[in-house]
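I have placed the structure first, in the form of structure tokens, so that the comments after it can refer back to it.
The values are calculated or read from the model by the stated rules, or taken from the named source; none is laboratory data. Everything quoted here is computed from the prediction, not taken from an experiment. So basically every Cβ, Gly included, is an ideal-geometry build from the backbone, and we count neighbours across all protein chains shown.
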Amino acid sequence: MRCAMRAGYVAQLICFWTLLTGFPCTAWKLQVLAEGAISASDRVVFLGAGWVEGLQSEDYWETFLQVRLDVSGVVFRNQGWTGDTVQGTARALFGTPEDGFARLLRDVREVRPTCLLLGYGNNEAFEGEMPIDEFRHHWERLVNELEAGGARLIAVLPHPIVKARPHHPDPASYNMRLESYRRCMQESCREHNIAVIDLADSPAWRYTTDGLRLTAAGQWLLARDLAEKLGYPEPPWSLMLDAQTQRFDTVNVTVIRSDRQDTGWRWVSVDRWLPTPYPPAEAGEFLPNYGHLVIKNLPRGKYQLLIDDLIVVTADAQEWQHGVRLPLRGGWRQVEQLRQLIRRKNELYFHRYRPQNETYLFLFRKHEQGNNAVEIPQFDPLIADLEARIESARKPQPHEYRLVLLPK
């Protein structure tokens, strides 16, 4: 309720600023984003080129958001398409650029989005692909068409290329040219009062196979940074236990029951949110802050913390007194199960809206296998079933924590 009220106050300030100056204030709109860009039952579509399509190979971006959302019923769709531009060029298949643009709009309208992330600009910036004035024209045409559908738009600025290997070409000239497209998009978004996200400074781009395609570690890092830019940073988590009084003080975790044992303490708790997905080994230096655990007034000795019978950390009484940062938290297995459900759902959706044998089903060879086109809508109930399972799987479950005194 307080977040909604603050968002309302900010919206009033935006209107006041616009009346005074005649100019929309994107900075204020981004402040609304900081409250969280996604609402209950939203249909969020990520539209863009190859780097957007590539995110569904690991689906960390959707998992990060699912575990941090404080609302339910949100549907995510990845409509990235390798080689695509704001004209929908790659979607034209055997048709004209206009056919590609019509296909792009049709793809979007079929899922009835309420929130659209737009990840374009990289392909257009390659020399000879599209002059900046032409890009501006096609970008604004796309924006106008999408705005007419009523969805909230969020532009994700194109990112520079990093030289991944010594023998790869130097991307400096491309990155310089890219700046013109980034400025063009920023100016257009300011005029349309569209929120802008810039991920150029994310360390994710250091983790690529060729300077463009993200590794699993790169996707994890980009998902983390995207979630933060959308207004969903990692929620704080802390638990303090006084071993003498057996009283708990917690943040974003509720203790259901607890008891003192001969060798230590035991409690069962449930988090408000699931923990952040564990990073791939390559991104180990970016290990999330899974929480701070303080246990006061412990008798001397070394103690092991076990979460669901998994040894997580060992520290002595003095270290527990000052607090220990957890390298893991209850629910980490559940998060991975959630991610696998998301991956399966997105795989089915990909085959639903981009069947590999589209030429035979819908285009000039449909006289051969067009009768099989009736099978494509049969993906819908399978996808709906997985989305129901995802909604259930994102709800935190209780976990057992045990602090055990080790023998001397």
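Pick out, from region 252-309, the strands (runs of 3 or more DSSP E) lying fully within it that include 1 or more residues that are free of Cβ contacts under 8 Å to residues at least 12 places away in the same chain.
Working: elements: 253-261, 264-271, 292-296, 302-307.
Of the strands (runs of 3 or more DSSP E) lying wholly inside region 252-309, those with at least 1 residues that are free of Cβ contacts under 8 Å to residues at least 12 places away in the same chain span 253-261.
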Residue satisfying condition, being in a helix (DSSP H, G or I) and closer than 20 Å to Leu226 by Cα, within set Arg136, Arg182, Arg177, Arg141: Arg182
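Got a sec? Which of Ala125, Ala164, Ala200 is closer than 28 Å to Arg109 by Cβ and in a loop (DSSP other than H, G, I, E, B)?
The unique qualifying residue is Ala125.
I'd like to check something: does region 52-59 contain any residue that is of a type in the set (A, V, I, L, M, F, W, C), assigned by TED's automatic domain parsing to the domain that holds Glu147 and free of Cβ contacts under 8 Å to residues at least 12 places away in the same chain? Steps first, please.
Here is the first cut: in region 52-59, the residues of a type in the set (A, V, I, L, M, F, W, C) are 52, 55.
Next, only the ones that are assigned by TED's automatic domain parsing to the domain that holds Glu147 stay: 52, 55.
If we keep only those that are free of Cβ contacts under 8 Å to residues at least 12 places away in the same chain as well, we get none.
No, the conditions are met nowhere in region 52-59.
Being of a type outside the set (Val, Ile, Thr) and free of Cβ contacts under 8 Å to residues at least 60 places away in the same chain narrows it down to one residue among Met185, Met130; which is it?
Details: Met185 fails: free of Cβ contacts under 8 Å to residues at least 60 places away in the same chain.
Step by step, each of Met185, Met130 is checked, and only Met130 is of a type outside the set (Val, Ile, Thr) and free of Cβ contacts under 8 Å to residues at least 60 places away in the same chain.
This table checks each residue for (1) in the same structural domain as Arg325 (by TED's automatic domain parsing); (2) in contact with a Ser or Thr (Cβ under 7 Å, 6 or more places away or on another chain); (3) buried (at least 21 other Cβ atoms within 10 Å of the Cβ).
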position: Asn175; (1), (2), (3): no, no, no
position: Leu178; (1), (2), (3): no, no, yes
position: Tyr181; (1), (2), (3): no, no, yes
position: Met185; (1), (2), (3): no, no, yes
position: Ile194; (1), (2), (3): no, no, yes
position: Leu199; (1), (2), (3): no, no, no
position: Gly218; (1), (2), (3): no, yes, yes
position: Leu222; (1), (2), (3): no, yes, yes
Qualifying residue in region 141-161 (condition: in the same structural domain as Val45 (by TED's automatic domain parsing), over 16 Å from Leu47 (Cα atoms) and within 23 Å of the chain's Cα centre (by Cα)): yes
Residue among Arg136, Arg165, Arg112 that is within 21 Å of the chain's Cα centre (by Cα) and surrounded by fewer than 21 Cβ atoms within 10 Å (Cβ to Cβ): Arg112
In region 290-308, the residues that are over 23 Å from Gln397 (Cα atoms) and surrounded by fewer than 18 Cβ atoms within 10 Å (Cβ to Cβ): Lys296, Asn297, Pro299, Arg300, Gly301, Lys302
Members of region 234-251 that are surrounded by 14 or more Cβ atoms within 10 Å (Cβ to Cβ), assigned to a loop (DSSP other than H, G, I, E, B) and within 27 Å of the chain's Cα centre (by Cα): Glu234, Pro235, Trp237
Leu338 being under 20 Å from Trp61 (Cβ atoms), touching a Pro at 6+ places or on another chain (Cβ under 9 Å), at pLDDT 95 or above and part of a helix (DSSP H, G or I): yes
Exclusive hit being among the polar types (S, T, N, Q) and at pLDDT below 95, set Thr250, Thr215, Thr245: Thr245
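Within 21 Å of Leu221 (Cα to Cα) and aliphatic (A, V, I, L, M): does that describe Leu93? Break it down stepwise before answering.
On the way: within 21 Å of Leu221 (Cα to Cα): no; aliphatic (A, V, I, L, M): yes.
So Leu93 fails the test.
What number of residues in region 203-233 are closer than 17 Å to Ala49 by Cβ and assigned to a loop (DSSP other than H, G, I, E, B)?
Let us first name the residues in region 203-233 that are closer than 17 Å to Ala49 by Cβ, namely 204-205, 208-214, 218-219, 222, 226.
Filter once more, keeping what is assigned to a loop (DSSP other than H, G, I, E, B): 209-213.
Total satisfying the criteria: 5.
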